[in-house]
Amino acid sequence: MIRKFTNWLYIMIIAAATGCVEVIEFPVKDDTSQIVIYGQIADTAEEHYLYVSRTETHNRTPVGITGASAELVDSYGNRISYIERAPGIYVIPEGFVGMPGVAYHVEINIDEQKYKSEPETIPSHIGQDVPYYEVSEEPLESLKHAYLTYRLYVFANTTLPQTQDSYFLRWDVEEYYYWELTNFPDIFNAPAPDCYIRDKVDRQNIVLLEGSVTNASQVNQMLAMREIDVSFKNRHYMIVRQLSTTRESFQYWTRVSAMTKNTGSIFDTPPAMIRGNISNTSNPNEEVLGYFEATRVSISRFFTVGGYFAPLPKWCEFDPVVPGWDPSNYPDECVDCAQWETPRPPWF
Amino acid sequence: MNHPLRFTLTLVFSLLLLQALAQRTSNTIVVGDSIRNHGKVFSMTGAVTDSTSGLPISGVNIFANGFLVGTSDAQGKYFATLKAGNYRMVFRYITALPKSYRISLFGHGLLNVQMNDKPVNLEEVEIQAQGAEQSLKQANAGSVSMNIEQAKRLPALLGEVDVIKSLQTLPGVTSVGEGSAGVNVRGGRTDQNLMLMNDVMVLSSNHAMGFLSAFNQDVVSNFTLYKGNVPSYYGGRASATLAIDMKKGDFTAWGGQVSVGTSSNRMFVEGPIVKDKVSLIASGRFSNANWLLRKVKDPDVSSSEINFHDIYAAISTKPTKQSTLDFNILNTGDYFRFSDEFGYDWSSLVTSMNFKTILTERLSAYVTLAHGRFENGFFEPSGAEPSKLTNATHYNQGKLNILYTTEAHTATTGVELMDYRTRPEQLRPYGISFVKPVDIKKDRGIETAFYIEDEWTPNEIISLSAGVRASFYSQRGPDTVYQYATGMPRSTFTIQDTTYYQKGDAIVKYNGIEPRLALRISLGETRSVKLSYSRMLQYMHSISNTTSPTPIDLWQVSTPYLSPQKSHNFSIGYFQNFKDSKWVTSAELYYRDIDDQIEYKDFAKLFLNNHLETELVQGKGRAYGVEVFLKKNQGNMTGWISYTYSRSLVLVNGLTDDESINNGEWFPSNYDRPHVFSFVMNQKIWPNHGFNLSFNYSTGRPISAVISNYNVNGTVLPNFSGRNEYRIPNYMRMDISVEVGNVIRKLDDKLMLGVYNLLGRQNAYSVYFEKSGQSFRLTPYKLSILGTLLPFITYTVTFNSKAAKK
């Protein structure tokens, strides 16, 4: 009797202590849209991107702005123009390498409005990463059933810059993998086309380190987490990009991190608009979102093969039972890679 | 028989007769000459003491022919002014049997009264949040008192009776939500409330991140919240004062109590060390919530730990018949660790000595010396750099208070000294770590205040309380003060010079005159109108930019760049009682204006910062509202209904956008909740049981909401509205509890069963915006931390009920 009562009691308390989270309708005022500019110039020979978009009302996805003209300007007055690759995506082609110690800013013209970023100098110091991964098998519970999930955690052992100067580091993790499209029977026995996909991993998790807070010469930290799915069936690269940034950029990303971790709790930092380093020189009162940063980059990578560490579901495999072998009966990602495809990098 | 012997026997017999008459209602005490003094006004005075312990009893209401004519003070002394005539005088106190006398008053009289405890169970104690007549007669508007026995009847989270949470059922008192530490009084910040335990300042006193307060119900006697006009003998905060009186140990018999509950166990003991001379009271409360965590399957939760405790002990002595000397100590501590990811610990220690003495029939004095310390830490055992951040505030307090009473005046004067010593903020490695140790020196401030106050009651119609507090503050070295470019926003980029101050150097001085006025005008026997005004200065501030105070908040004294917060408080109230004070009603309007209210720049960096002024901005605060209160005092069913409409707004308009908030326009504070409704009901059930119900409804607190989103380097970012432009959904909760007395016949015990959040309503604790799956939109989520009904049970056994229930 007492035991039953105790069990009931703690079940009730646990249920209450667990609390609940639910999606709610939260109407907001239809505000005017704002310009968003984000770009990065680095000391690598990769393409250097500049994204120009405009926020949409009702919390919809921002829309890329076409027809803008943009230039990268260095502290010597040299100018390089960006090329519009797609709506809202502007690029300086491969080959240009930013120089440490040189300051850069961007100037953008949109509908006769001139936008300009504050100059940023590419830092001199950067560390070196030795990335590795761990796989974890974790139980997840829903109201109806329990199941296992597999997660790949990306770590890095980082040798920090040996300097008395201040330095500010941030890490991005990207993935590159081969995506196997469905191999439909073909009279010419032609295989499905290759498909390589590049994406950011754990993009809401921002890892930052300020050199002044540590005496260590090395740190070890978890950088990102990726659910293991069928994309791990073939060779799957994880690319760790260590970015050495300016103090101002570091502060900006610290604020970004605070906002992405904000849960609205009464113990949270109150949220606010994040001010970047871009302004409208024609209209200084305009609030422009985003940031243009100059960084030094150190890249390291590893890959996994075949998903041997976790059972993978069958996906996009040809099924002779499907009537007519009709590709339209297959999910889009099994048939066409066009919207995700990126060129195969030379090291793949 | 010779004359001396006859005289002596006559005198002794007369005194015995007078004593006997004084204890009986049926006979009449005659004072003075009824023929010569007809029509004149005389005073009745004396002291009210506990017949068992001999201790003075404060708060005893004295009635003459049914009308309240006085109340005993902290020394048990009372004063009543009456026209010559015949009276039936009754002395009433919540836990004592009433004493009544028939008095023919035709001269100034002295009547000392000893009161006996009520031989009743707890369930028979009447609900008297505030003496019904007191609300009419006292000059001070906007003060509410609550006896701990009343607080015990309110259904409480996990069955833990809570002084602070109990106040939230009264008008004008709110909080930002479940589990928030502290309360907001009439639209003020939590740090604008002065919290006193036996007249000694307590800086922080919460358990379990704010879900519980650290004042153990077993040793709390009663508590008074001054919402509007704070008497001049209290100061140092801009909004309100909460004065908590702790019990003294019994001087005649040992007793105790043991309680077992769902989240903590409690025990206390009290009794005489030297009978009638020295007594002891000691209590302890220790958490037992970890078993709940162990039951959770989530490994992070089950490997977490939460512990808290509070210990209170007091030794009371009576060196002479006219004086008492008490020593008190309160220690509270908390430890909370989530898995191996992060944790908090914080503790508070308050020690004090109080000496009270009656110097003459009209003059009494008390002296308080105290030392307190509040220390806290935040630690991260894992991650790249395991570390622990600590900060602390120590303080010394001294106060001399002198009370002088006459027929029409109760005058108080005194001096108070506060010595604030904030300790260095420290970052240290935690375990094996390469974190660089950091020490940020903090500041010292000394606040001295002189005060005088007089409550003048020339007749039954008018009572005027007028006082003034003169406060003087100086910040003392050692310290480093930065000079910033004139006309530029304060930031690390605009530092132009640095000044070093040696130990003891005066860095900056502030002072102010704080008038306090309260006027009561009676409109007949059952109605009164009250007006009050007070100005208050605050030199010590809690630095926190979260919506609710956190356990690791910094306390910061005023500096050259952090001016004292200054408030002007106005209120007017109408009070009316019905049916012999069975029903009490009131309506109060208030307005508060605050200068130099502290706010924070967006993304302010408050920790490990030796130039906090670059992160803070000071603006204006404004709060106003109307409070309506209806209470039933007597009968088997008692309780109250309260409704408050109020606003609390802030204006920060600095030199630049960086130093302005919401473009320099008024915006709602974090605790602006316009509509608050509360209903409390207590039903006695024969013979010693009870049923209690409470209901709360309030407008949701303000938040900043996402108005659009954008993408930066793959990260989806929310674009937030101006500060506090939106609100979380409204809050509603109903709680019930049932008291069952004498569960086991041979024991003096009590079982309290109840359900918190009976309706199982999923009240919003917060609303946050998060990226959902592969979508680039940010979805609004509502988080409810107490999303269902929550039962509780507490079983209490009392040993020697006479002592323990005192």
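The values are calculated or read from the model by the stated rules, or taken from the named source; none is laboratory data. What you are looking at is a predicted structure, and each value in this text was computed from that prediction instead of being measured. FYI the Cβ positions are ideal-geometry reconstructions off the backbone, even for glycines, and counts take in every protein chain you see. Heavy atoms of the whole protein, side chains included, go into the accessibility calculation; ligands, DNA and RNA do not. Shrake-Rupley method; radii C 1.70, N 1.55, O 1.52, S 1.80 Å.
For chain A, the dipole from Cβ point charges (+1 on Lys and Arg, -1 on Asp and Glu) about the Cα centre works out to 1000 debye, to the nearest 20.
Across the protein assembly as shown, the volume of the C-alpha convex hull divided among the residues equals 204 Å³ per residue. The base-10 log of I(q)/I(0) for the stretch B:628-734, evaluated at q = 0.10, 0.12 Å⁻¹, reads -0.51, -0.64 [Debye formula, identical scatterers on Cα atoms, solvent excluded].
Listed cross-link partners B:LYS165/B:LYS248; B:LYS321/B:LYS356; B:LYS247/B:LYS750; A:LYS261/B:LYS771; B:LYS605/B:LYS782; B:LYS247/B:LYS399 are compared with a 18 Å cut-off, the Cα-Cα value being larger for B:LYS165/B:LYS248; B:LYS247/B:LYS750; B:LYS605/B:LYS782; B:LYS247/B:LYS399. Taken along its three principal axes, the alpha carbon spread of the stretch B:138-253 comes to 41, 33, 24 Å, from the longest extent down to the shortest.
Partner shielding of B:765-772 amounts to 5, given as the average count of beta-carbon atoms from other chains within 10 Å of each residue beta-carbon.
What percent antiparallel are the DSSP beta bridges of the protein assembly as shown, to the nearest 5? Percentage antiparallel, nearest 5: 95.
The angle between the Cα long axis of helix B:3-22 and the main principal axis of chain B comes to about 50°, on a 0 to 90 degree scale. Of A:GLU174, A:GLU287, A:GLU134, the residue with the greatest mean-square motion in the GNM of chain A, using alpha carbon springs below 10 Å, is A:GLU134.
Kindly provide log₁₀ I(q)/I(0) values, in the same order as q = 0.12, 0.16, 0.18, 0.19 Å⁻¹, from the Debye equation applied to equal alpha-carbon scatterers of the stretch B:671-761. Values, matching the q order: -0.62, -0.79, -0.88, -0.92. Listed values for the stretch B:756-765 are Karplus-derived 3J(HN,Hα) couplings in whole Hz (6.51 cos²θ - 1.76 cosθ + 1.60, θ = phi - 60°), namely 8, 6, 4, 6, x, 5, 8, 5, 6, 7, and x replaces Gly and Pro.
Accessible surface of B:ARG490, taken over heavy atoms with a 1.4 Å probe and every protein chain present, rounds to 70 Å². Computed over the stretch B:385-495, the P(r) tail beyond 21 angstrom holds 65 percent of alpha carbon pairs. Sorted largest first by accessible area at a 1.4 angstrom probe radius, with every protein chain in place, the residues B:GLU525, B:GLU725 fall in the order B:GLU525, B:GLU725. Taking the stretch B:674-752, which trypsin sites (Lys or Arg not before Pro) meet the DSSP loop condition and have no more than 11 other C-beta atoms within 10 Å? For trypsin sites (Lys or Arg not before Pro) across the stretch B:674-752 that sit outside H, G, I, E and B with at most 11 neighbouring Cβ atoms in 10 Å, the list reads B:ARG745, B:LYS746. For the interface of chains B and A, what total accessible area is buried with a 1.4 Å probe, rounded to the nearest 100 Å²? Adding both sides of the contact gives about 6500 Å².
With semi-axes defined as the square roots of five times the eigenvalues of the C-alpha gyration tensor, the equivalent ellipsoid of the stretch B:337-451 measures 46, 14, 9 Å, largest first. Highest-first packing order for the peptide set B:231-240, B:436-445, A:119-128 is B:231-240, A:119-128, B:436-445, based on the mean count of other beta carbon atoms within 10 Å.
In order along the stretch B:443-454, the phi-based Karplus estimate (6.51 cos²θ - 1.76 cosθ + 1.60, θ = phi - 60°) of 3J(HN,Hα) comes to 10, 10, x, 10, 10, 10, 9, 10, 9, 8, 8, 9 Hz; Gly and Pro are listed as x. Compute a Gaussian network model of chain A, connecting alpha carbons closer than 10 Å, and tell me which residue from A:PHE96, A:PHE232, A:PHE184 fluctuates the most. Greatest mean-square fluctuation among the candidates belongs to A:PHE184. Put the Cα centre of the stretch A:71-134 next to the Cα centre of the stretch B:392-447 and the gap is 52 Å.
With distances taken between every two different alpha-carbon atoms, the stretch B:251-321 has a Kirkwood hydrodynamic radius of 14.5 Å.
So which residues of the stretch B:698-729 lose at least 50 Å² of accessible area, probe 1.4 Å, when you go from the chain by itself to every protein chain present? Flagged in the stretch B:698-729: B:ILE707, B:ASN709, B:TYR710, B:VAL712, B:ASN713, B:THR715, B:LEU717, B:ASN719, B:PHE720, B:TYR726.
Tell me the net charge near A:SER75. Cut-off is 13 Å between Cβ atoms, A:SER75 excluded, with +1 for each Lys or Arg and -1 for each Asp or Glu. So the surrounding residues net to -2.
Taking the DSSP beta bridges in the stretch B:183-259 as the whole, what percent of them are antiparallel, to the nearest 5? In the stretch B:183-259, DSSP labels about 65 percent of beta bridges as antiparallel. Shielding value for A:32-42 is 3, the average number of Cβ atoms from other chains within 10 Å of each residue's Cβ. The smallest convex shape that holds all Cα atoms of the stretch B:506-644, its convex hull, gives 151 Å³ per residue. Cysteine residues of chain A whose Cβ has no partner cysteine Cβ closer than 4.7 Å: A:CYS20. Considering all alpha-carbon pairs of chain A, what whole percent are spaced by more than 27 angstrom? Summing the P(r) of chain A above 27 Å gives 60 percent of all pairs.
According to the Kirkwood relation over distinct C-alpha pairs, the hydrodynamic radius of chain B is 28.5 Å. For the stretch A:68-173, what class follows from the C-alpha gyration tensor (a ≥ b ≥ c being the square roots of its eigenvalues): rounded when a/c is under 1.5, otherwise prolate if a/b is larger than b/c, else oblate? Since a/c reaches 1.5 but b/c is at least a/b, the shape of the stretch A:68-173 is classed as oblate. For the peptide B:778-790, the mean number of other protein chain Cβ atoms found within 10 angstrom of a residue's Cβ is 6.
If the viscosity is 1.002 mPa s and the temperature 20 °C, what translational diffusion coefficient in µm²/s does Stokes-Einstein give for the stretch A:234-315 when Rh comes from Kirkwood over Cα pairs? It diffuses with D of about 128 µm²/s by this estimate.
Per the Debye calculation on the stretch A:109-242 with a single equal scatterer at every Cα and no solvent contribution, log₁₀ I(q)/I(0) for q = 0.13, 0.22 Å⁻¹ amounts to -0.79, -1.28.
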